[in-house]
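Structure record follows, encoded as structure tokens.
The values are calculated or read from the model by the stated rules, or taken from the named source; none is laboratory data. On a predicted model such as this, the values are computed, not experimentally measured, just so you know. Cβ atoms come from the backbone with ideal geometry, glycine included; neighbour counts cover every protein chain shown.
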Amino acid sequence: MLSALARAATRRSLTVMLLWGLFLLLGFGLGTGVFARLSDNVPEVPGTESESAARYLDRVDPAGESITGVVAGTTVSDPELRAEVERAVADVRTVAGVAAVPDPYTTRGLTAEDGRALIIPVTLEGGLDDDAEERTLDAAAERIREIDAPDVHVSGGPLLGQQIGERAQEDVKNAELISLPVVLALLLVVFGGLRSALLPLVVAVSGIAGAFLALFLFSEVTDISVYAIQVTTMLGLGLAVDYALLMLVRFREERRHTEDVVEAVHRTVAAAGRTVLFSGLTVAVSLTGLLVFPSVFLRSMGLAVAAVVVIDMLAALTLLPALLTRFGGRIAPAKDRPEDEEGRLFARIARFAARRRIAVLAVAVPVLLVLAVPAAGMKIALGDARQLPTDTEARQLHDIVGGHFPPGTGVTPVTVVVRPGADGATVDGIRALSPATAVRELPGGATVLEIRPPGAADGEEATGLVERVREVRGDEPVEVTGPAARLVDFREMLAERAPWAAVTVLAGIFVLLFAFTGSVLLPLRTIATTLLSLGAALGAVVWVFQDGHLAGLLGAEGLGALSLTAPPLIVAIAFGLAMDYELFILARMREARERTGDDAEAVVDGLRRSGRVVTCAALLLAVVFAAFMTGGFSPILQIGLGLTLAVLIDATVVRMLLVPATMSLLGRRAWWAPAPLRRVHERFGLHEESAEAPRPRVPTGV
């Protein structure tokens, strides 16, 4: 298959480039439409009690969306301001599609006790189509913003998703403007020439276009979280650069052995291309663990990110060879250094780790385990507007309400749906749980109890209230929904499905690594060392964002819990990226082992030849992740920091120290497999062409 791809890319290079050009136009033309379709982060899990109750309410009592306006920064009882607010309220009531706008001066709880702020809630009619709803929202929000006061903000409901989508688009653009020049500068240092440095960026731009297009297509069939666009874009950019870097380094090495550019491209695809193929597959397999969870959000994220990985892989295996065919003759071959000078630093590190293997393991493993300790106390939550950057309208509205109104103001209540036939004593017991309980009757005889928790909608008080309601109701036809109930159900789903997701991913990774190496011990060793770096990264994220240590340096604050999106994505993506670097190193080790037959020297030679690539790849990914962290969205900060630390720890401590130490400890046994499995590998495994044997330089013509 790879040979066919290489032939197609070299024989039809212009056609391949034109096809990718069309893909870029689709990605940046059609694909960017996804920004208008982003939604907020609701953890819907089909089949759970909270979803069942929510669907029941939508069916028997369809309610319209709502937004919230806030006026603050002055004395709201001022006669002129009051007259202006009342005119605005009257005007909003006349907007087509608006169902209700209570008077903030006469409705209890809408004017702050200090007299410095008021809330204007706007409820829309139910059953509006998307276009009508958007027109209603825009008209109502625009009229409220016309109120002349120091602080006037409108957000909430669909307007929140719209605002976050606009900010996400701006942040992605800024991250690209930051990361691409820095990546180019690093590539110039690596390759020493502009032509070589620009080619990975062309592949990277293809990865970005692929991210946009993949998300746009998925948005046709499912909701796309606002954070999905940033995660897929930063991964699409980072992996594209990594894969192109690996291919280009190999191409320059092959150019030392032949002047025929086409032959050098074929050899590059045959060697490094297979590593890229398996690397992309391992990342995709890592993301399949997200498909085990019934959450629509996690499944859509897993599929979208996996699609971006495949696009990056295809770009590296088709577009880059086509570009090299056209322009590779102008790229200088790698410098022909004596073997003892090439990768001297990494060879020294490998020899040190192999010689002091027990000491290295005795120090590195406990340190990584200590760093992972905070992860044992990890908590997840939906989060509120505090997760947003401080200059967003939703965050400013949240801070004003929190600063002027009692705790719980504006918090979505715990909603209890009492179906017909429920025991009255049970209902009374539920009402007795909180004095802040509102009751309303539904068509068909059902009753809704709305209990407002004292803290955040997803705080410990709210989730504890959900659990107490479910204890009191027993077997009665009573269901609980709302953000807190959804969070409780989401946590239970994670706890139930996480072991199955882990088994799925680890089994898939084991099979792929066995196909790549022919060993049963190397996959086990790889999984164990990768889990160490992953645990350390997760522990650091918990320590910073959950516990609040040093969070201010990143423009965030300790929220007492991580975003529910962060841990699954960090685990799935970081595990796949770690496999990337493992494959880079193992490919070189295997080549050296097949060439020399010396297991100990193969470890040193493998690290000597791959260490520079792995280090550069890790730095490039870290730059990309750091650039996307500048936007200020707390979930992206958490994911970005987790992936950055996982990549850097894995590329340094794990791959540079633990890999040679454990390989030296295992010796020849590292490549062992039972005879039946050896026969399976000989028939179905990956047999990569070695490109290291000395070859004469082949002239392009006579």
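Side notes on the structure shown:
- Wholly enclosed helices (runs of 4 or more DSSP H) of segment 1-65 bearing at least 1 residues touching a residue at least 60 places away in the same chain (Cβ under 8 Å), over 31 Å from the mean Cα position of the chain (by Cα) and within 30 Å of E134 (Cα to Cα): 49-60
- Verdict on F352 being without any contact (Cβ under 8 Å) to a residue 40 or more places away in the chain, more than 30 Å from the chain's Cα centre (by Cα) and surrounded by fewer than 17 Cβ atoms within 10 Å (Cβ to Cβ): yes
- Every pair of residues 6+ apart whose Cβ atoms lie under 8 Å, when the first sits in segment 69-82 and is surrounded by 17 or more Cβ atoms within 10 Å (Cβ to Cβ) while the second is hydroxyl-bearing (S, T, Y) and part of a loop (DSSP other than H, G, I, E, B): L81/T74; L81/T75
- Conditions (1) under 21 Å from the mean Cα position of the chain (by Cα); (2) at pLDDT 90 or above: number failed by L554: (2)
- Qualifying residue in segment 260-280 (condition: over 19 Å from A4 (Cα atoms) and among the β-branched types (V, I, T)): no
- All positions within segment 131-161 that are within 32 Å of the chain's Cα centre (by Cα) and without any contact (Cβ under 8 Å) to a residue 24 or more places away in the chain: D131, D138
- Residue count for segment 126-138, restricted to those that are over 18 Å from A394 (Cβ atoms) and out of contact with any helix residue (DSSP H, G or I) (no Cβ under 8 Å at 6 or more places or on another chain): 8
- Of all the numbered requirements in (1) over 22 Å from T268 (Cβ atoms); (2) assigned by TED's automatic domain parsing to the domain that holds T268, P46 misses one, and that requirement is (2).
- Check on M579, at pLDDT below 85 and crowded, with 23+ Cβ neighbours inside 10 Å: yes
- Condition check for F545: closer than 23 Å to M247 by Cβ and in the same structural domain as G631 (by TED's automatic domain parsing): no
- Within the set L506, L531, L524, L538, the sole residue that is touching a residue at least 60 places away in the same chain (Cβ under 8 Å) and either at positive phi or among the aliphatic types (A, V, I, L, M) (or both) turns out to be L538.
- Inter-residue pairs, beta-carbon under 7 Å, first closer than 17 Å to T615 by Cβ and touching a residue at least 12 places away in the same chain (Cβ under 8 Å) and in segment 249-261, second part of a helix (DSSP H, G or I) and among the hydroxyl-bearing types (S, T, Y), 6+ apart: R250/T268
- Among the residues of segment 414-425, the ones that are buried (at least 17 other Cβ atoms within 10 Å of the Cβ) and modelled with pLDDT of 85 or more come to 5 in all.
- Filter result for the condition that a residue is under 22 Å from the mean Cα position of the chain (by Cα), closer than 21 Å to V654 by Cα and surrounded by 22 or more Cβ atoms within 10 Å (Cβ to Cβ), over A592, A566, A537: A537
- Count - residues of segment 429-451 that are under 19 Å from P483 (Cα atoms), out of contact with any helix residue (DSSP H, G or I) (no Cβ under 9 Å at 6 or more places or on another chain) and either modelled with pLDDT under 85 or not assigned by TED's automatic domain parsing to the domain that holds E467 (or both): 2
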